[in-house]
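Here is the structure we will look at.
The values are calculated or read from the model by the stated rules, or taken from the named source; none is laboratory data. Computed from a predicted structure; not experimentally measured. Positions of Cβ are backbone-derived with ideal geometry, glycine not excepted, and every protein chain shown enters the neighbour counts.
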Amino acid sequence: MKAQIIDGKKLAADTRAEIARGVVELKESKGVTPGLAVILVGDNPASVSYVTAKEKACREAGMLSREIRLPATISEDELIAEIEKLNADPLIHGILVQLPLPKGFSEKRVIDSIAAEKDVDGFTPVNVGKMLIGDDCFLPCTPHGIIKLIEVTRMDLSGKHAVVIGRSNIVGKPVAALLSRKSVNATVTMCHTGTKDISAFTRTADVVVVAAGRPNTLTGDMLKEGAVVIDVGVNRVPDANHPKGYRLCGDADFDSCAEIASAITPVPGGVGPMTITMLLWNTLESARKAV
Ligand code: GUN
């Protein structure tokens with residue numbers, strides 16, 4: 001293996017230490033503790049583990065964590081009523097509704113009900129629109145974390161070719177928008193399930209961000225020598241040798257990609273820790289703006 005492993009855990013730890021210092025400073029100077037409300041509807045096992053990690057990170061950074069667990073039987077109107085209470089709560093600076101919501105909920109209507117100034121996920125139409133036109137806003141956490149991880153490699157992306165595989169609202173679309181901003185200046189290609197031959201694009205890519213939700217979407221033979229690979233996938237694959245009965249893998253075949261790439265994020269320990277970190281970052285920012 002020749003690729004540098006981009007250590008998301010270390011970058012996250014360093015950034016969280018900086019955030020924790022910011023929290024202390026805000027408490028001391030203004031008497032304000034940043035507060036994050038995390039709403040989980042239902043009991044999807046992956047979502048339970050994500051929100052538990054978010055809440056723990058929030059407490060560790062010295063923030064207030066409001067943990068709201070609701071049964072999947074709650075109505076959409078009741079859920080929106082909970083969000084509206086949080087919109088009006090001065091102790092809460094950030095509101096996160098873990099996605100996906102159980103079947104039957106309109107994610108669009110639920111997300112729309114979050115006040116834009118507390119939308120620390122950056123998912124509301126107001127924040128998405130502001131991001132696209134380059135206005136001050138909360139950047140979505142995973143795409144923002146991805147930009148920070150690419151910065152670790154010190155690769156100058158100006159004029160380079162970046163390929164994003166996946167077009168989700170949470171990752172693919174916003175990461176493509178951030179990579180094409182003047183500050184990064186990459187030429188971006190977005191591949192998706194309608195793309196006929198993804199490898200025709202990845203073979204000329206200097207950076208590949210893979211967020212397809214499917215193991216082995218990217219393999220070493222699809223890469224240009226020296227490319228940077230950012231793997232956003234978190235897939236549970238059955239593994240009888242593992243105590244939990246499964247192991248986590250990304251969307252890239254790590255071993256073959258690491259032979260060709262100059263740098264790659266591991267799964268776990270790459271993008272995941274940075275997503276949570278940028279959530280804390282946005283929550284601190286929101287609390288600073290509120291005073
Ligand atoms: N589900 C998967 N990723 C995310 C995320 O970043 N935020 C929320 N709210 N739900 C998610």
_All helices (runs of 4 or more DSSP H) inside the stretch 76-192 with 1 or more residues being over 19 Å from ILE276 (Cα atoms) and either at pLDDT 95 or above or over 18 Å from the mean Cα position of the chain (by Cα) (or both)_ = 76-87, 107-112, 125-133, 172-179
_Answer residue from the stretch 16-57, given it is in a loop (DSSP other than H, G, I, E, B) and touching a residue at least 40 places away in the same chain (Cβ under 8 Å) and is surrounded by the fewest Cβ atoms within 10 Å (Cβ to Cβ) among those_ = THR33
*Has the stretch 122-139 got any residue that is among the basic types (Lys, Arg), more than 9 Å from the ligand (Cβ to nearest atom), surrounded by fewer than 24 Cβ atoms within 10 Å (Cβ to Cβ) and at negative phi?*
yes
*Filter result for LEU223 (closer than 25 Å to ALA17 by Cβ and either touching a Cys at 6+ places or on another chain (Cβ under 7 Å) or more than 15 Å from the ligand (Cβ to nearest atom) (or both))*: no
_Just to check your reading of the model, which residue among ALA205, ALA200 is more than 16 Å from THR142 (Cβ to Cβ), more than 16 Å from the ligand (Cβ to nearest atom) and buried (at least 24 other Cβ atoms within 10 Å of the Cβ)?_
ALA205
*ILE83: of a type in the set (Val, Ile, Thr), touching a helix residue (DSSP H, G or I) at 6+ places or on another chain (Cβ under 8 Å), within 16 Å of the ligand (Cβ to nearest atom) and within 23 Å of ALA20 (Cα to Cα), yes or no?*
no
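Which members of the stretch 241-258 meet the condition of being surrounded by fewer than 16 Cβ atoms within 10 Å (Cβ to Cβ) and touching a residue at least 40 places away in the same chain (Cβ under 8 Å)? Let's see the steps before the verdict.
Taking the stretch 241-258 as the starting set, the residues that turn out to be surrounded by fewer than 16 Cβ atoms within 10 Å (Cβ to Cβ) are 241-247, 255.
Answer for the stretch 241-258, where residues must be surrounded by fewer than 16 Cβ atoms within 10 Å (Cβ to Cβ) and touching a residue at least 40 places away in the same chain (Cβ under 8 Å): just ASP255.
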*asked:* Among the residues of the stretch 241-279, what is the count of those that are more than 21 Å from ARG214 (Cβ to Cβ), in contact with a strand residue (DSSP E or B) (Cβ under 8 Å, 6 or more places away or on another chain) and not hydroxyl-bearing (Ser, Thr, Tyr)?
replied: 2
*Residue list for the stretch 58-71, restricted to those being more than 16 Å from the ligand (Cβ to nearest atom) and without any contact (Cβ under 8 Å) to a residue 60 or more places away in the chain*: ARG59, GLU60, GLY62, LEU64, PRO71
*Please list, ordered by first then second residue, the pairs with beta carbon atoms under 9 Å, 6 or more apart or interchain, first in the stretch 156-171 and within 19 Å of LEU223 (Cβ to Cβ), second of a type in the set (Asp, Glu) and surrounded by fewer than 21 Cβ atoms within 10 Å (Cβ to Cβ).*
LEU157/ASP206; LYS160/ASP206; HIS161/ASP206; ALA162/ASP206; VAL163/ASP206
